Every structure is written in C-alpha cells, then in structure tokens.
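Working notes for the structure below.
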Amino acid sequence: MPDQSPTLLAHITQKNSAKALFTAGPASLLEENLLGLRPCFGRGDTDYQQVEQAVLDALKSMTGHAQIARLQGSASLALEIASLNFLFGKVLVIDSGYYAQRLASFAEAAQRLGHVRTVTVVNWLDIADIAGQYDWVVACYTETSIGLKLPMNELRVLANRVDAQLFLDATASIGLEADHDQADVIAYSSCKGLFGLTGAAFIAFNQLPTNSVDGFYLNLHTHLERRMTGPYHAIASLYEVLPKHNDLREAVFINKTAMLQKFSSYATHPASHQPALCTWVDARIGSRDPRAVLYAPRGISGGSVVCHLGEAHLGSAATGEILNMLEVLA
C-alpha cells in the first residue's frame, strides 16, 4: 500500500469538514478510497486483475454467493439487468415504497419480453396474508424512501411458503445488514454501505439464469465475460476499504443509535424494521448549518429520512457529533 502523505490526509480532512452528508450514499470520503486508485485496464494488467479479484472475492464472501458480475453503472442498472435475466413465470413484488415500485417496473419489462407471465404487487404490510404459488419473490431489503427494513427471515419464510426464489434489491442493505445469503439473487452498487466510490454495480447469485436476453448490454453474460470497459476505478476504490470494512461500518451503527436517541419521540417503525442505513422520523428535520446536505427521498408521505453515512471516514471512532447539526423545524 502506498504511503499516506500529509497532503492527501489534509485534502480528505478538508473535504469532509466542508460538507456534512445526511444522504443515502455515497458516504463521506475515505482515505482508503483514494489510496486504492491507480492506473488500470481490464486486459493484460495483472495488477488490476489482482485488485478486482480480491474485491470480488471479498464481496462474495460478504454475501455468501458463489458467482458475481460487475458492471459500470448504478444499482438500478444492475437490478434491471438481473430482472431481465433471472425473472420468469409468476412474480410477486413486495411493495415497500418508491424503490420497490421500481422493481415492479423491471418485472413488467421482463413480462413484455415474454419471460414473466404475471406480476403481482402486494403491500409489505400484507406479507402474512400472501398465499398461492410463485416462481420469484422480489423485494427491497432496505427501502430508503420510508426508512424501512423488511426482516430477512420474513422474506425467506414468504419465499419458501409460496415455493419461490428470492430476488433482493440490496442497494441500501449491502455491508450493513445480515443474511444476504438467504436470497438467491441480489443486486447492489459500490457506494452506500460498502463505502466505495460511485460507478460500480454488482449482481450476485448462485446459479446462472436461463432466460435468453436479446441484446448486448442487458445480457448478463456480456458482463460476466467482461466484453466492455468495466468499473475499474470504482472497484479500485474498494480495494483498501473492504479489509477495514468491519471497523468503518461501526460509524453507521453509532450514528443510527444516536439518531434514535436524539429523536426518540418521532420514531416511526419498530426496532425490527429499522435499517442501519437510515431513519424515518415523523417530524420535519432541518439544519441551520450550511454544510449540511439533507436527504430528500422520493415518494415519502411525510416527516424526514436521515441517513447515517456522514461519519463513515471515522469508523469506530465516530461519535454521532454530526447529528448536532440537525433540529426539528416548526
């Protein structure tokens, strides 16, 4: 690993001091993000190939999946590609908010291609009442639009009950929540709970899909075979991060705990449905500090969602001091 120079440390400290993020990702700037960057290319560059292999192996180990595809783009692109390549037959989508509804639109796109026969959308509050048989259950593990976590045990029990495979949007849960191995297919990005730079997306799975996708970019095999420029620098930004991930993620947990204490009278969801990444409170939260960048979630019905990635660079040394910038507005 290259030596950390005082100039680099001063640069990172200044950038993080100038902006306080309460948004859903990327996290605050980590020294490791920049230390991992290097000149790189996808073919014939043995140094980069070692970096990419180390990162992909770490991600597979984190989630417990046998195979992984990496691509350049957002988690939404990975979710769309995974939907078109994996989903077939009868699909059940658990509606937990804006991002789950986006998953329903991807399933409907697979239906138009002929892979999916039916798409049924059911509100997350009605999970216990779902019956019948499906081929796939599709859900958002952490729904940032309303600061909600759907407990993994409930999703896996549901999938087993309806004899289905489980496909998860893991964008807001990866690196922070447990038991991703209970899902058959997941998709996520390099930022948020992985603490990497934006630009890389991943699809993790155990068995190859059987759908035939007529196209280049939307075909999963194109990415598995690395047939275009990959997310080289985004992956490099994770190379120094992932070995320290357990410490870095403590900053999120510390801020989550502090948030629930500071605004305890405004909490919405019970503890079982509280995600690590963010908190939805029944109050209008604001800041008088010009450094604060607040989160404006898509589709929220009221209150505020505060995300907890702003002190990621401090790791287990975080104190939640950043929350002092926030207050309840009249």
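Shape class of region 1-93 from the Cα gyration tensor (axes a ≥ b ≥ c, square roots of the eigenvalues): oblate, since a/c reaches 1.5 or more and a/b does not exceed b/c.
Output the relative contact order of region 1-142, whole-number percent, from Cα pairs under 8 angstrom with separation of 6+ residues. Over region 1-142, the number comes to 19 percent. With all pairs of separate Cα atoms included, region 184-330 yields a Kirkwood hydrodynamic radius of 17.9 Å. Using the beta-carbon distance between H221 and R156 and R0 = 25 Å, what value does 1/(1 + (r/R0)^6) give for FRET efficiency, to the nearest 0.05? E between H221 and R156, to the nearest 0.05, is 0.35.
Ranking V93, G320, S287 by how far each Cα lies toward the positive end of the dipole of the chain (charges on Cβ) leaves S287 at the top. Seen from V116, the other residues with C-beta closer than 14 Å to its C-beta sum to a net charge of 0, counting Lys and Arg as +1 and Asp and Glu as -1. Rounded to the nearest 5, the antiparallel percentage of DSSP beta bridges internal to region 123-206 is 45%.
Given the choices [x] 20.0, 70; [y] 25.1, 85; [z] 19.9, 62, Rg and Dmax of the Cα atoms in Å derived from the coordinates of this structure is entry [z].
Hey, quick one: spin label on D163, modelled 7 Å out along Cα-Cβ, who in region 206-230 has an amide N within reach, i.e. under 11 Å? None, by backbone N distance to the label point. Exposure check, 1.4 Å probe, all protein chains in place: Y99 carries approximately 40 Å² of accessible surface. Estimated from helical segments only, the mean residue ellipticity of the chain at 222 nm is -9500 deg cm²/dmol, where each DSSP H run of four or more residues counts as -39500 (n - 2.57). The per residue volume of the convex hull around the alpha-carbon atoms of region 73-168 is 81 Å³.
Could you compute the net charge surrounding S96? Neighbours are other residues with a C-beta less than 12 Å from the C-beta of S96; K and R count +1, D and E count -1.
Residues close to S96 contribute a combined charge of -3.
The relative contact order of the chain comes to 26 percent, based on Cα pairs under 8 Å that sit 6 or more residues apart.
With a Förster radius of 30 Å applied to the beta-carbon distance between A283 and T257, the computed FRET efficiency rounds to 0.95.
The charge dipole of region 171-229, taken about its Cα centre with unit charges on the Cβ of Lys, Arg, Asp and Glu (plus for the first two, minus for the last two), comes to roughly 300 debye. Note on M325: accessible area is roughly 40 Å² with a 1.4 Å probe, heavy atoms of protein only.
Positive end of the dipole of region 101-249 (Cβ unit charges, origin at the Cα centre): among S173, P243, F205, the Cα lying farthest that way belongs to P243. Counting only cysteine Cβ atoms and a cutoff under 4.7 Å, the chain contains unmatched residues C40, C140, C191. Direction-averaged projected area, Cα convex hull, region 211-251: 4.6 nm², rounded to one decimal. Entry comment: accessible area of region 20-93 is 35 Å² per residue, from protein heavy atoms only and a probe of 1.4 Å. Its Cα centre serving as origin, region 109-181 has a Cβ charge dipole (Lys and Arg +1, Asp and Glu -1) of approximately 240 debye.
In a simple Cβ point-charge model (Lys, Arg +1; Asp, Glu -1; nothing else charged), the chain has a dipole of about 540 debye relative to its Cα centre.
The values are calculated or read from the model by the stated rules, or taken from the named source; none is laboratory data. Only a predicted model underlies this, so the values are computations on that prediction, with no experimental measurement involved. Backbone-built Cβ (ideal geometry, glycine too); neighbour counts: all protein chains shown. Keep in mind that these areas ignore ligands, DNA and RNA; they rest on the heavy atoms of the full protein, side chains included. Shrake-Rupley method; radii C 1.70, N 1.55, O 1.52, S 1.80 Å.
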